Amino acid sequence: MICKMCTKCRLEKPIDDFHKHHREKDGHRSTCKKCEYEYEKERRLKNPQVQERKNELNRYRYRTNSELRKKMNQQSKEYMEKHPGYKTKINNDYRKRYPEKNTARASVQLALKYKKIVRPDTCEKCGETGRIEGHHADYSKPLDVQWLCQKCHKAEHMKITIQKERENIRPGRVRCIFGGRK
Ligand SMILES: [Zn+2]
Ligand SMILES: [Zn+2]
Ligand SMILES: [Zn+2]
């Protein structure tokens, strides 16, 4: 077995632990996969904007390129079929990351069930009827729900996104987990 010493961690490792690289003498990188991964991770942590910009670009591509969208949807469908439980994990992670959203959402559902609050038939902003969704401006006030039509709800989130981008905190899409069902 061919081995090589990593210039970073100074450990001798099998050549397969090094990424291939055509410009290096032996056709492999001088740092091992693990060190490269650590480096990437650190870089991402130091520059969250870089990653966020990449994500933004991907989201843009996804929105505008219908061919790509079809392909990605198909891929993710296949992945889900091969890895049952992955979706639950994602959902659980999301719940762990945004516990306040879930508490707020659950409170509203309970309040609706026991008729403490009523879902109105019209949008609070424009008076539109149809599908009315609950929007939380502040998750620490779970029963402070704004009832909006889909159009106004979308607009409200766009406003938050722009505002967050301006303040430079976690740019990107803000998702309201409480989409109402009629
Ligand atoms: Zn190494
Ligand atoms: Zn509206
Ligand atoms: Zn919302």
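The values are calculated or read from the model by the stated rules, or taken from the named source; none is laboratory data. The shown structure was predicted, so the numbers you read here are calculated from the model rather than taken from an experiment. FYI the Cβ positions are ideal-geometry reconstructions off the backbone, even for glycines, and counts take in every protein chain you see.
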Cross-chain or 6+ apart pairs with Cβ under 9 Å, the stretch 36-51 first and among the basic types (Lys, Arg), then part of a helix (DSSP H, G or I) and loosely packed, with under 12 Cβ neighbours inside 10 Å
Arg43/Val50; Arg44/Val50
How many of the residues in the stretch 53-83 are of a type in the set (D, E, K, R), within 16 Å of the chain's Cα centre (by Cα) and more than 27 Å from His21 (Cα to Cα)?
4
Is it true that some residue in the stretch 30-40 is within 30 Å of Arg166 (Cα to Cα) and at pLDDT below 95?
yes
Which members of the stretch 123-172 meet the condition of being surrounded by 14 or more Cβ atoms within 10 Å (Cβ to Cβ) and part of a strand (DSSP E or B)?
Ile132, Glu133, Gly134, His135, His136, Val145, Gln146, Trp147, Leu148, Cys149
First in the stretch 5-20 and assigned by TED's automatic domain parsing to the domain that holds Tyr37 and acidic (Asp, Glu), second anywhere and part of a helix (DSSP H, G or I) and surrounded by 13 or more Cβ atoms within 10 Å (Cβ to Cβ), Cβ under 9 Å, 6 or more apart
Asp16/Lys33; Asp17/Lys33; Asp17/Lys34
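Evaluate the following for Pro120: is it more than 16 Å from the chain's Cα centre (by Cα), within 16 Å of ligand 3 (Cβ to nearest atom), over 25 Å from Glu56 (Cβ atoms) and at pLDDT below 90?
Details: more than 16 Å from the chain's Cα centre (by Cα): yes; within 16 Å of ligand 3 (Cβ to nearest atom): yes; over 25 Å from Glu56 (Cβ atoms): yes; at pLDDT below 90: no.
When the stated conditions are applied, Pro120 does not pass them.
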